[in-house]
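Report on one structure; see the data block that follows.
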Amino acid sequence: MKKFFIFILLVFSFQLSYADKLKVISSFSILGNWLKEIGGNKIEVVNLVDLNHDSHHYETTAQDQIALKEADIIFIHGLHFESGSILNAVKAYSEKLIIVSNIFTSQDLIPLIQYHFSDEDVHEISDKEVKLFDPHTWHDIRLAKKSIRLIQSQLIKKNPSNWKYFSRRANEYLKKLDELQQWSDSKFKQVDIENSVLITVHAGFKYLANYYHLDYLSLESEHEHEHGEISAKKVSETINSINKKNVKYIFSEKNSDVRIAQLVSKRTGTGIVGDLYSDFLSDKNEEVPNYLELMRHNIDKITLHLKRK
């Protein structure tokens with residue numbers, strides 16, 4: 001009987017502890033990983049888009065709707081990264097919605113295109129144009145650091161009693177990002193930047209290329225409304241750049257359609273380096289179970305195959 005009461009007490013204590021955790025929703029796995037790093041055992045994180053899956057075309061489910069309703073706080077990236085389905089689903093929860101990219105200034109971001117609308121399409125847009133920015137900011141470690149500080153401040157705001165815990169974990173993680181930046185810089189110092197071109201299938205690595213002043217091309221369109229499309233013009237530009245700078249490799253991403261890369265490779269004699277990770281993490285038993293490993297994995301592959309000094 002005594003053991004039974006002890007068991008009941010332990011179960012009750014566990015339930016109380018579990019109930020004290022903040023229920024946090026993240027839109028995708030990279031953001032979810034950051035939240036877990038900062039929130040630790042004080043939060044429970046659910047990603048809308050699972051590991052190894054693309055956020056751009058995700059369709060929300062009834063289970064997602066329940067999770068959003070029950071969440072204490074919801075984090076999305078913004079900058080049109082998430083699918084329309086996700087954006088529509090979170091609209092109803094604006095009071096607990098955090099858009100991480102709002103922390104960035106226009107100087108932090110890389111513009112994609114300016115859309116011009118006819119008068120009947122303008123609605124409330126007075127200047128008749130909307131400027132879009134590349135959403136893949138996490139490939140610039142400096143912007144990842146800004147994202148971490150935002151996460152820290154928002155978790156503290158939601159649960160101020162754990163401010164020391166969240167601050168300690170954020171500071172520890174920021175030190176890891178400092179180390180990652182130093183390591184990355186040392187890897188790119190070995191690359192002949194002036195005579196190299198980073199060419200990828202998916203338009204997801206412009207921030208990384210921009211930081212290191214690398215010429216960059218993607219086979220996919222960089223425009224949000226054309227995501228996943230590859231034009232004849234893009235193929236022609238890529239082939240010309242390959243021939244001009246004697247490019248040896250094209251990089252493809254996990255789950256990307258490599259057929260067009262194979263076509264370009266066939267026409268130019270370039271090799272294809274596979275399995276970069278752009279928008280999501282892998283399962284914990286695979287190559288990139290967290291953001292730090294994602295960056296190391298990508299940078300290792302890229303610097304190994306670009307022209308060396």
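The values are calculated or read from the model by the stated rules, or taken from the named source; none is laboratory data. Since the model is a prediction, treat every value here as computed from it, not as a measurement. Cβ coordinates were reconstructed from backbone atoms using ideal geometry, including for glycine residues, and neighbour counts include every protein chain displayed.
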Quiz item: Only one of SER17, SER26 is at pLDDT below 55 and under 33 Å from the mean Cα position of the chain (by Cα); which?
Solution: SER17
Practice problem: Say whether the condition of being in a helix (DSSP H, G or I), farther than 24 Å from ALA203 by Cβ, polar (S, T, N, Q) and at pLDDT 95 or above is met by at least one residue in region 98-120. | Solution: no
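Rundown of residues vs (1) assigned by TED's automatic domain parsing to the domain that holds GLN154; (2) under 15 Å from LEU31 (Cβ atoms); (3) among the polar types (S, T, N, Q), yes/no style:
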site: ASN47; (1), (2), (3): yes, yes, yes
site: HIS53; (1), (2), (3): yes, yes, no
site: THR60; (1), (2), (3): yes, no, yes
site: GLU70; (1), (2), (3): yes, no, no
site: GLY78; (1), (2), (3): yes, yes, no
site: LYS96; (1), (2), (3): yes, no, no
site: ILE103; (1), (2), (3): yes, yes, no
site: PRO111; (1), (2), (3): yes, no, no
Self-check item: Criterion violated by ASN171 - all others in (1) surrounded by fewer than 17 Cβ atoms within 10 Å (Cβ to Cβ); (2) over 30 Å from LYS23 (Cα atoms) satisfied
Solution: (2)
Quiz item: Which of the residues that make up region 251-280 are outside any strand (DSSP E or B) and hydrophobic (A, V, I, L, M, F, W, C)?
Solution: VAL258, ILE260, ALA261, LEU263, VAL264, PHE280
Quiz item: Take the residues of region 210-250 that are touching a Gly at 6+ places or on another chain (Cβ under 8 Å) and either at pLDDT 85 or above or not in a loop (DSSP other than H, G, I, E, B) (or both): which is surrounded by the most Cβ atoms within 10 Å (Cβ to Cβ)?
Solution: ILE250
Practice problem: For residues that are under 18 Å from the mean Cα position of the chain (by Cα) and assigned to a loop (DSSP other than H, G, I, E, B), scanning just region 287-309, find the one that is modelled with the lowest pLDDT. | Solution: GLU287
Practice problem: Under 7 Å between Cβ atoms, at least 6 apart or on separate chains: pull out the pairs that start in region 85-103 with a residue that is more than 16 Å from THR61 (Cβ to Cβ) and end on any residue that is among the charged types (D, E, K, R) and assigned to a helix (DSSP H, G or I). | Solution: ILE103/LYS146
Quiz item: ASP283 is checked against (1) modelled with pLDDT of 95 or more; (2) not in a helix (DSSP H, G or I) and fails just one. What number does that condition carry?
Solution: (1)
Quiz item: Taking region 153-168 as the region of interest, how many residues are touching a residue at least 12 places away in the same chain (Cβ under 8 Å), out of contact with any Lys or Arg (no Cβ under 7 Å at 6 or more places or on another chain) and surrounded by fewer than 22 Cβ atoms within 10 Å (Cβ to Cβ)?
Solution: 3
